[in-house]
Each structure stands twice: as structure tokens, then as C-alpha cells.
1. Give the residue from Ala398, Leu167, Ala68 lying farthest towards the positive end of the charge dipole for the chain; charges sit on Cβ (+1 for Lys and Arg, -1 for Asp and Glu) and the dipole is referred to the Cα centre.
2. Below 14 angstrom from the Cβ of Glu235, what's the summed charge of the other residues (Lys, Arg +1; Asp, Glu -1)?
3. Under a plain spin-label model, where a point goes 7 Å from the Cα along Cα-to-Cβ, how far apart in nm are Glu183 and Phe37?
4. Hey, what did the chain get for relative contact order, percent, Cα under 8 Å, at least 6 apart?
5. Taking only Cα atoms and a 10 Å spring cutoff, compute GNM fluctuations for the chain and point out the largest among Glu285, Glu404, Glu52.
6. Given the options Phe112, Phe37, Phe136, state which has the largest fluctuation in a GNM of the chain using a 10 Å cut-off (strictly under) for Cα springs.
7. Give me the log10 of I(q) over I(0) for the chain at q = 0.09 Å⁻¹, as the Debye formula computes it from C-alpha points; what are the numbers?
8. Taking Cα centroids, how far is region 375-400 from region 194-230 in Å?
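None of the figures in this text is laboratory data; all of them are computed from the coordinates on show. Worth saying up front: this structure is predicted, and the values here are computed from it rather than measured. Reconstructed Cβ throughout: ideal geometry from the backbone, glycine too, with neighbour counts over all protein chains shown.
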Amino acid sequence: MSHRSRTRSGEIHQRAQQLTPGGVHSNVRLAGPRICFERGEGARLYDVDGNEYVDYLLGQGPNLLGHASAVVNDAVAREARRGSVFGAQHVLENAAGEVFLDTIGWADRVRFGLTGTESDQAALRLARAATGRTRFVRFEGTYHGWLDNVLATTVDGVTAPGSVGQLAHHLDDTYFIPYNNPEVLRETLSAHDDIAAIIVEPVMCNSAAIQPKDGFLAEIRRLCDQHGIVLIFDEVITGFRVALGGAVERYGVTPDLAVYGKAMAGGWPVSALAGTAELMDQLTEGVVHAGTFNSSIPACAAVIATLGLLRDDPPYGRIEAHGSKLIEGIRELGAAHQVPLRSQGLPMAFHVSFGEPELVHDHAGTAGFDQSRYADLTRTLFEHGVWVAPRGIWYVSAAHGEDELTTVLERLDAALTAEA
Ligand code: PMP
């Protein structure tokens, strides 16, 4: 099945290019096709030309409940009748804070924000303030937002700024090391006494959805305690997705600070910084974190409704079963078409690409992937009504059912046939 015309999307894109650079409001979208969606419903998207897509991108992760959850959106609409922001506290904040802290289960305090990028900044600043040290350790291939001190790309073991206009010295305060390598981590920490924090994506969803090897996160925890370093989990993708309690629950390791975003609010723009009282209360002692729109009424309503749904009827078993079958189906289709289609990660957030090896443990391991061939496949998939990211990550939601599973595998089969 190939799709119908996208004339209206094309026209809208033409106009958009005159309004915003490249016709997109986030650079990540420059890699995507010229599409204009009209609406999302559950696990499906519909474009302005009437084409339907089965969606495994989920807005880059936030739509864990599927698109347009009626429960969440009704709560937001109802509560927004009170207003949005007052430059002061309002009646939903405690309920949002309580359900949030109760759900993640390990932290004393939370501060709501809008994006993962900014909450990551607050975490890094708090770590410096708490330790009086300057530098950070992080792992090659991770993403912690688009700002100057964190945006980076690593090619052949060399890490450089990720953007034109970003100065190289912005990354001078960070030691980039390979993931899943406790020896290098130990050596780095022994060689430097200026490290304020280790920031880690507990599952490296921004690089092939690489999982921590057994004991790796626990070893990071142990070393942080030994060296007096703040451990920051960047749970922007993993939070509420890999388990209700995120990576903390799934891997049984507790950080000092963690950053959440994406899945916590049913598609609404909310992020959070959570942590121990000792660290977080420094926000009343000179460490600044601010934001006009933080903890708005719609944001709090979305958090309360989303976490309420996830707690009352946890979808994780269903999501995991769906994702596992899908990964299996993708592998089988790769074998049937005799193409080196590979996949790794967790069933709720996994990575697909062409190439070898089947399983990688750090960013350097991804060098053998044929990313451009995979990006081409995603364009063909798009023609066949499948919406996935060119860079390889697939997300599964509570709204994905047997129908989507059958449909996506049929469409992938067709796309691989077309590719041959
Ligand atoms: N951290 C991680 C692990 C992410 O994946 C992202 C976004 N993909 C961010 C931080 C930044 O979040 P946001 O796009 O909401 O600023």
C-alpha cells in the first residue's frame, strides 16, 4: 500500500519556509519529511491530505498514553478555566508535587519546569553549588539538551560542539568517556578531583538505546559516594516509560538528582528536577532556577491526570509485550529480506538500524551502523504510512494494540520490498 498525495502538506511547507527557518520549529525536524499533521488519536496520526500513519515516534516520546488522551486533555481544559500562571502558587501545585514524588518514590523535593534542557541545567548548577567543584563527567553519545555547555557530538572518539556558533571551550568543563566502561570511569575519577557531577542517561536512548551492563549504574553510584560526586540521572526519556518509577525502579539504583520530562504529562510541556532535600533546598540558598511558565495550571493538571492514569491502570506490561513482539517481528522481516536490520533496547524504547553488530555497549560501537540506509528506509516507511524517527529510536505507547502491530509489520514488509 502506498500513500495518497501530500499536496496540501507540500503547500503548507512552502509557506512555512517563509515563516520559520526550514519550515520547522526544532532543528531535529529538519531531517523529517515535508509533512503537516492535522491530528493524532491513540497510536495513529492523520495528515492534512487525509493520510493515516501508525506512529512509533510519539512526538519524540511524550505520548506514552497515545495521542490526545481524553482524560488528560479534559483535565487540562477544565482546570485552565481558572487561568494559567499567576506569578505565585496555586491550588494544584501540591497535588502535582505529591503525586509526582509519590510515583518516583525516591526523592524528597521536586521543581517543575518546561523542558528537559532547562531542568538538566538546574541539576548541573546545583551539583556545582553543592560540591564547590567545576567539572562534569558524562558519556559519549548522550544528549542533555541543546545549550552551549551540553550539546556535543562524538565521532571516532573525538567530542566536539554539536552546533555552529557554539564555542569549543564550552565543553572544556566536561570529561566525555565511554558508557559501560567502569575501568575508564574509575581512572577518570582518580585522575581528577574537580568533578561535581556524573550525569547519565540510565539507558542511552540517544545512542542506540544502549542499556547499562549489569552493575554499571551501581558502580557509578558507588564511585559517586566514594568521591563525593553528585549523581544525576537524566530520565527525560526513561522516566515513567521504562517503569512507573523510571530507570531508578527498573535498575534499582538511586541518584542524588534526576531530571524528568517527556512522558510525565500526556504530551503537555512539563519537565521536573527531583532530588534529595539537602541538594534541592539549595534553591532557597542562592542557587537560581526560575521560569515564568513553571508549574502552570495546565501543566499541573496534565501531571496529575497523567500520573493518575499510569498509577491506576499501569500499561507497562502491555507496552512491554507489544514492544517485544514488534522487535521480534522486525528481526524476522530483516532475516526474510536478507538485510542486516538490527535492533536493541527495551521494548518500550528501542533502536533500529542497519549494520553490525547485533548488540553494542557504547557509542563507539555504533560506528558500524549504516545510518543513511536506515534514514532512507524511514522515508520509505513514511510513504507506507509509518511514522518513525530517521535516527532509529522507536517508542511504544499504551494505545498500541494488535491492530498497530499487524499494520506496522505489513507496512515494514512492503517498505523493505520497495527498498530492495
Ligand atoms: N535529556 C534527554 C535524555 C533527552 O532525550 C532530551 C530530549 N530528547 C533532553 C534531555 C532535552 O529535553 P527537551 O527536548 O525537553 O529540552
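1. Of the listed residues, the answer is Ala68.
2. On the way: positive: Arg241, Arg250, Lys262; negative: Asp120, Glu201, Asp234, Glu249, Asp256.
Net local charge, Glu235 excluded: -2.
3. Roughly 4.5 nm, to one decimal.
4. Numbers: 808 pairs, mean separation 94.3, N = 420.
The normalised contact order for the chain reaches 22 percent.
5. Maximum fluctuation in the GNM of the chain, among the listed residues, is at Glu285.
6. Phe37
7. -0.56
8. 30
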